[in-house]
Every structure is written in C-alpha cells, then in structure tokens.
1. Could you order peptides B:258-268, B:204-214, B:15-25, B:165-175 by the average number of other Cβ atoms within 10 Å of their residues, highest first?
2. Could you give each residue of region B:74-85 its phi-based ³J(HN,Hα) in whole Hz, using Karplus coefficients 6.51, -1.76, 1.60 with θ = phi - 60°, and x for Gly or Pro?
3. Compare the peptides A:72-83, B:2-13 by average per-residue count of other Cβ atoms within 10 angstrom and give them in order, highest first.
4. Here is the link list: B:164/B:295; A:366/B:364; B:212/B:309. Which ones come out longer than 22 Å on Cα distance?
5. Relative to the longest principal axis of chain B, what angle (0 to 90°, nearest 10) does the C-alpha long axis of helix B:550-562 take?
6. Each residue of region A:450-455 in order: what ³J(HN,Hα) in whole Hz does its phi give by Karplus 6.51 cos²θ - 1.76 cosθ + 1.60, θ = phi - 60°, with x for Gly and Pro?
7. Averaged over peptide B:348-359, how many Cβ atoms belonging to another chain are found within 10 Å of each residue's Cβ?
8. Within 10 Å of each Cβ of B:408-417, how many other protein chain Cβ atoms are there on average?
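None of the figures in this text is laboratory data; all of them are computed from the coordinates on show. All values reported here derive from a predicted model rather than from experimental measurement. Cβ: placed from backbone, ideal geometry, glycine included. Neighbour counts: every protein chain shown.
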Protein chains: 2
Amino acid sequence: MKKLALGLDFGTNSVRSLIVDLATGEELATFVSDYPSGEAGILLDPKDPNVARQNPADYHIGLVESVRNALALAGQNHPDFDPTRIIGIGVDTTGSSPMPVDSEGTPLGMKPEFKENLNAMVWLWKDHSSFAESIQITSLAQKMRPEYLAKIGGTYSSEWFWSKILHSKNTSPEVFQAAASFVEICDYIPALLTGDTRPEKIQRSVCAAGHKAMYHAGWGGLPDKEFLAALDPQLAELRDRLYETAYPSDHLAGHLSPGWAEKLGLEPGIAVAVGAFDAHMGGVGAGVSEGTLVKILGTSTCDIMVSPKQVGFADIPGVCGIVDGSVLPDYLGIEAGQSAVGDIFLWFVHQLTPDKYGRTVDEKFKNLGIEASRQKPGEHGLLALDWNNGNRTILVDVRLSGLLLGQTLHTQAHEIYRALIEATAFGALTIVNRIEEHGVAVKEVVNCGGLASKNPFLMQIYADILGRPMKVSRSDQTPALGAAMFGAVAAGPEASGFVNLEAAQAAMTGIKEIFKPDMTNHKVYQEIYRLYRQLHDAFGTEEWSGTMFNVMKDLIVIREQQRDLR
Amino acid sequence: MKKLALGLDFGTNSVRSLIVDLATGEELATFVSDYPSGEAGILLDPKDPNVARQNPADYHIGLVESVRNALALAGQNHPDFDPTRIIGIGVDTTGSSPMPVDSEGTPLGMKPEFKENLNAMVWLWKDHSSFAESIQITSLAQKMRPEYLAKIGGTYSSEWFWSKILHSKNTSPEVFQAAASFVEICDYIPALLTGDTRPEKIQRSVCAAGHKAMYHAGWGGLPDKEFLAALDPQLAELRDRLYETAYPSDHLAGHLSPGWAEKLGLEPGIAVAVGAFDAHMGGVGAGVSEGTLVKILGTSTCDIMVSPKQVGFADIPGVCGIVDGSVLPDYLGIEAGQSAVGDIFLWFVHQLTPDKYGRTVDEKFKNLGIEASRQKPGEHGLLALDWNNGNRTILVDVRLSGLLLGQTLHTQAHEIYRALIEATAFGALTIVNRIEEHGVAVKEVVNCGGLASKNPFLMQIYADILGRPMKVSRSDQTPALGAAMFGAVAAGPEASGFVNLEAAQAAMTGIKEIFKPDMTNHKVYQEIYRLYRQLHDAFGTEEWSGTMFNVMKDLIVIREQQRDLR
C-alpha cells in the first residue's frame, strides 16, 4: 500500500500543494493557487518601495483552492489514488513574515476594524520599512549583547521579526496595542490546520525563531527583557506573550482538525509538522547534507548548508543565520542568500524590455535568453551589481541599490539581461567564497527552484562563473517536497517508515541534470569578478578606500578581446 | 529688394537647407534630406561600437534634394520669392570628419575600387576606432611638443583628424597609399560648390584645422614634420599634401560653379564662404558674444564661447578647443562639449523603453517626459553618468562608459529617462564650472538645437541644475542660420550690407523663451551634483582616491526626503 504525504509551500506570490509518494519521491499531483490581493499577492505603497505586505485572508483562500485541486488532479492522473493514504502534512512559508494576531490567534488584518490598515497585515519577508529599527537593534546589540550578533553575520536585518515589530509599534501604536501576540506565518498555518491558533498554544519553529527572532537555547531563548526594554519597554512586555521554546520541523505540531479536514477534503487526524521557512525545507527536499550547498533560486535566493554540531564552529561574518536544527534536526543549519535574483530579471523584463523581444513576459524572457546566449563572457562590456533589493549576504545591508556600468550607445536589452544574470552569479560566488574562507568546504552545489529548472542558460553562466558543476535537483518543487518529508517524519517511524529526515532524503531526493563549467569562460569571468569585487567592496563597505579609474577601462579591454578586436 | 542667403547644414543623419532674409532673420523655407546609406546615415560595424563612417555620395544626393526642395517651398510660401536674391552660401558640417580623396579631390569612397571599404569612407566625428593612436599622439606631444596640447585641453582625441588618419594608415595601407590628401567635409562641400575640389586648391577652415588638426599660426600651421615623422614617416610626407594656411569663414571660398548652379536651381557666381563645423556656426547663429555661452543641444552637445584676443588668455584644462577665429573672426573661439546627449535618450528609447509608453519613438518620448515631469528632483533615487559615448569635456577620454545606480525593484523607465537627462545637465554644469574657474565669466546661456526647442521639460531641468536662466534661441536651426550669415558676410559689405558677423547677428538673431531656475529644486540638485562629481572623479580620473560607501546611502536619504518619508 502506497504511503503519501502533503507538502504546502506558501510563497511570495502563490501557495503550492504537492502530494508525494514516500517510497519513491514520485510527485502525484501539484497545484499552484495565486493569492488574490494586491500586485501578485503583495500589498504595496506607491510612495515607499520599502513596503511589502500580504493579506492573511489570501492564505485561507489559497490553502483550500490548492489542496482541493491537487487532490482532484491526483485522482485524475492516478486512478488508484486514495487520499486516506496521506499520513502527514508539512508546511513551509516565506519568512521572516510576522503578523499581529488577537488572543484567539485571529490575524488582525482579517478583522473588520483593521482591514484597510497595511500595518495590520503580514509584513512580508522583503519589506524593508524598518531599516532605522534594524540599525537601532544592531547598535544596541553591539554594546549590550554582542553574542546575539555573532550567529547572524554581525548585522540584524530590517527583514526580520524584531525590526518589523518595533517599526510597527513606532508607526502604528493602535495595531501594536491590539496585538495579543505576533506570529510568523510558518507557525500560523500549522496551528490553523490543527484547529487551535491561540498564540500560547502555537508550536513555534526554531527555523523562524533563530536567527530572525534572535532565539538561541544558549541564552535562554528569545532576547532577554533587559535588552528588549532598552529598545522599547513595550517590547519587553510583549516577550511574555511570545514563546519560551521553539522546535525543529520533525516535531509534531498537532493533528488535522475535523473542520479543516472537511474544508480540504482530507481525513481528520493527519499528522501536521511544525512549520519552517521555504528555503530550509527546500534545502532538505534538494538533498542537503554535509558538504552540499543547496541554492534555491527564485525571486530571491537562499543558500542552505548544514554542519555537524560536534565540530567547534566559527561564526561566519556576513552570513545571516547559523541555527541549531533549523534545516536538519541533528545539524547546525547555515543560511545565506541574495535579496533579489529572479526579482531583478522580472523587474528588467517588466520595466525595461521593449516589445521587439515579444509581447508577453514569457516571450520576452525566451528571446532575451536566446540573444544573450549568443554572446561570449564580457563581450557586452557591462558589469552590474545585484543589489536592487539590497544585499543580504555578505554585506547584510538593505540601504544599497542596483548599479550598471559599461553601457554604450549600442548596448541592447539582452546584453543587460545577461549582465544582470552574471551579477547574481558573482553574488553567489561571493557567498561560496566567504563560507569556504571560514572552514566549511563546499564539495557540491545542488540547485533548485524555478530558475534552476527553467533557465539552462542561467545555470550554465552560474557554472562558468563559479567554476564548479551546477547540479539540478530532480524535483522542481523542493520546498513543498521538503515540507511533505517533514510531514511524513513528524507522523513517526511506524507510520512513515523513516527513522529520520536523512532516511526520507535517501528515498525521495535526487539529481536530474549537471551543468559543467567551461573553463575558458571561467578564466574570463575571473577577470570580471575581480572588477565586481572592486565595485562590491567600494560601494558596499565602509572600510574600502582606493581608486576606480581602472574599472571602465578594464571592461573595455575585455570586451575588445572577446570581440576579437585586440 | 530683399536680400537672401542660403545656409547648408550637414549633420550626422541628414542635411538641411535654409533660406533666410538678411534684414530680419526671417526663415523663408527649410528642407531636411535624410542620408540614404547605413543606419540613419551612419555606416556601422556590428562587431565594433567604435566605428561610425559616412558615405560621401550621400552628401551629393542630400545637397541637391535639400536645396531644390527648400527653393520650391520658399516659392510656395512666399509668392514674391526670387532665388536670384540669394547673395551668399555658407556651409557647416560635423567634424572632425575627414575622408581620403584622390588628386582630383574625388572621395575614394565614391570610386568603384573602394566602394565596399569602410576605411575609404568619411570617418564621422563620433568614430572612436583610433583610441590607441590618440594615446600615442598625446604621449608623444607631452614629450616633444607640449605646446600642441595646451590649446586642446591636454589630450588629443580619437575623434580628431590625425588620430583617424594614423589609424587608417595602420589598418588600411591600401587606402592611405591611394589618398592624394585628406579633406574635412566642411572643406570639401564649399570646394565642390565652387567647382574645384583639387586638394591643393581647397580653402581650409581654421575652425576645422585648429584644434582638430593641431593647426596654430603660432607654430607655423600644422604640426611640424619632425613631430609627424616621430609618429610615422608617412604622416610627415602627407603634410606636404595638406595645407599651409587655414581661414575663418567670413573668407570667400569661391563662387558657385555653373555646373552646381544648374544642379541646385540657382544662379552661378553666388559667393560661397569657407566652411566650418556645425557647432561653431550654430554659436554664431544663436548670437554668441563675449560672456554668452551657446549650447547646441542635439545628439551630442557643443558649448561655444568667444574671448577677446587682446586679453592674455590662460588655457583651460580639459576644454578641447581654443582656436583663433574659429567662431567669430576677431575673437578666440572656445569649444567644449558632451560626446552624447540626445544620443543617450535615443538609445534609451530604442533599446530600453517598453511599448506601454507608446508605439512610436515620438510617443515614447512624449509619455516618458509626462511621467518623469511629475517627479521631484531626487525622488527616483537614481544617479547616472552621461558617458555612453565617452567624455569629451572635461575628461577628454573616449574609454569611459555609461553608469546608472540607485535602481530598486520598482524603478520605472521614465525615472531612468529623467536620471539620464539630469546626468547630461550635470555634465553641462561641470563644463560651465571649469570654464569659469579659469577666468571666463559665463553671464548668459543661450540654448539651441533640437532638444532646446522641442523639450521644455529638459530645459527646465537644465535651469534647475545649473541654477541659471536657460534662454532659447529664436531660430530652431542656428547652424544653418549661422552658415547663411557667413555666406552673406563672405559676399562682402556691399552685397550684404553687413560690415562683419556682429552686424549680421544684430539683424538676424534673437531669444524666444527663457526657462528660470526653481531654486528649491536647485538646492536638492546641488546635493546630487556633489555625488555626480564623486562618481565623475572616481571613474574618470587617475588621481582620485577615496571611498564610495556614501553614494548609494546619500541617494536613498534624498529619495526619502523628496518622497516625504523622512
């Protein structure tokens, strides 16, 4: 008899449901449901590009629609499909994406009195409104609690829990006063499914808690009250209404409630695992293990590694998150990432690509790629920084911006598209170098996410720039697959047949394609990377001092070499 | 009885004929004829963005078409129009745009054996192929003849006569061997009209000769043979086949030949003035005088001033051309400029503006301008360098490139369009500052050219950034008007009624509009200009050394202030 699990992946623009076979990893059905609110699911403020919120009601709608459709599709595709064989449900979401809730756990943004208040909504991971608060938290921690910063790369981000809550308190006291607690959506959804969203009952995810909420068992969980009071006395009071303990995602959050079972068309009582962030579960679904770096390439990028706990582990400057059990329960999880990758390409296609490349976004991407792939490295003479949404790793600084140089009067859109892809690859190389410089060997790179499976041109550039093979995960939906695996393991070894996550990985993950580096291209890219690092360090670090006169000239020399003009 | 003159303006993409009334400056008729060859009249090399050539046959075609049509239009618009009242013809062209000719003065590019050879064509002003030769010439002059560099801002450009000829000799010896001489097109066209193009008979323009050919009466005309031989012995030999003396454009080149009179539909014997470059004659047509800076705003920009000869005149570093008589015969002419202005906007509209702004180039420009004009200075958070075609003044360096920074995931095309306009205005301000720092007061700025008359949004940004009123010349075609004025003056005071150019300017030039600076905007732009200069000096000068960390952050602060977020 087949055993199945259900993975739910709450992304930036949509929610995905995936039904998977535990014996083989075969994906029986998947369905993606777009969030109905805002622009592609994101609530924006036209005056302030920092604002990115989400309507919590969208999760309810997307949950029902995606699960019901996935079940229906599984039935159509597999006549022997039996939904009662689903033994576990796992949930991953974006994060840090906290929202205020009342004492019943109802999101304030779903209550009539707050329906029009952006600050009562979910503060999406990429919301950067709270940069001032992130600076305040960082500088206070430098003075009072330097240990808090050691695990998060030295800088507390505006994308994270406390920055967002403090900014909400500063700008919307009415929302803060009405909030019984604040809940990450990766904690809210499992609680919702088990039928009890009361804040004090929610099983919080250690993946979300540390480092985003500066949770660490070593200092007794969340930051202490003295520290929080120095930020704001009301944050210290809020601490009592948050949580003491956080759990890895092989832990059981509870069982599917009868009410939600009926809404979704499932049996009540199915095991529901503690939630986690999409990248962490995606890392597991892509087969992360010691020495394997998993890159989840989407609108933004996460880089996931694990390191054994027993090894004395040096903190890595600029690498945001090193958290016990955040990826695999028995390892330290290491998380790095780029604030925008696919989002930069989407921006370029929407805002700056003329219709001669096609009428639709898909056509434009296709033709930009075809034209750009005809060029040699450096032939366009361009160099970009991948900072349109700030830099998460290794600078941890949202107050940075995009940069493009080298353009002539003949530069074409597909050349800029290629330069933007290259910029994100240079950013990726910078992360790998930083991790290796601090003693964690990267023996293998496995890629997953939409860009990895759909953009071979991009993957080849990544291989050429990193000078390493780029492997592509067999599954196109590793976060949902990872979530399903956690759901299965949380159901227990008797139900799932897996003693731990590693056993599930052995059965359910694999590699489908390998892009090998062209070492001739790699050599050219090494020259260009030297210039990328020069711009990176000059615009991104306070310490840098030097000259810039070589940059444009060196790029022109490379351009002429690659065009056979020299 | 009305007295008339004909001005012929050979531009980058087309030739314009203008018939004008000497008493009032009234423009009776004008006709623009596009060059038939290449892309918009320019012969390109898809592999090398440095190459920009022109087919000399296009001048013959455009000359006949534009004059005949202008005459026909004048007859339609003015029933009393009498072509025999035309007493003088003046000619302006782009430059330095030299071409090889045979001993009869026939352009090699019009001969069957060279018809397919790009190197036998006209080397258009903006051709940058000969950057290596320009460096060679500059460094030799630094050692052997530093006085040659003093008048041209310290650097000999790849856009100029000797760089182009030396590159032609190095890369196409067969063309160089076949060339009896090399002729600027501003010298070729008047010779053509007088019926004698033999190189030794052509009256060469002092405007073209100095500084582009390093001609100066103080050192005996063209560079001496010892210097040329140190570059290449064949250049020293060529000197004998060039010229000893060059003339200002109030000088008579000759009279219209019967053959060309018939082709054009004019009387033979009309006075033809010595030619000059478009910017210099445009400066005269816009009313240049002591203290008045004339900006000719087109695909590139020229800034023209004059200074009395009797005043001891310090050379201005980075200002390319200070030539006796190149603008007004009795003054030193000062020429500065930006290598690309309108060309940058054209590039942006053609390559990077999506069709949501309109289907045609004109619609796109219109809607980009409407959207961009709704913003406050700095609201877009962007900063660009106007170097897509290198920097002529004050860096005199073609091996520079465009730069854009500050872009987020929300940056829109019209915001970049505004940033590009601002970049060109910052470049313009840099030129004004440099001229004033060296003792030439700029009391008034008069703008002319297509952008001045057609783009009020751009003119207002220029006023706000320069912090000065921007006046707009009454005529929309000042180079052709200036050319007509030189044609009239060359015909002599009896025929024209003008004792000199100043008398013609008093009768024929004027101001039609003044854009006043908004000093609130100017204050914001002063902050942004500080950042522009930081980028300008960092990427554009060898001497600069410092930090860059403030640039993106300061722009974000200004953006937030201007969006009322701070």
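1. So the order, starting with the most tightly packed, is B:204-214, B:15-25, B:165-175, B:258-268.
2. 4, x, 5, 7, 10, x, 8, 4, 10, x, 6, 7
3. Listed from highest to lowest mean packing, they are B:2-13, A:72-83.
4. Pairs exceeding the cut-off: B:164/B:295; A:366/B:364.
5. 80 degrees
6. x, 5, 5, 8, 10, 10
7. 5
8. 6
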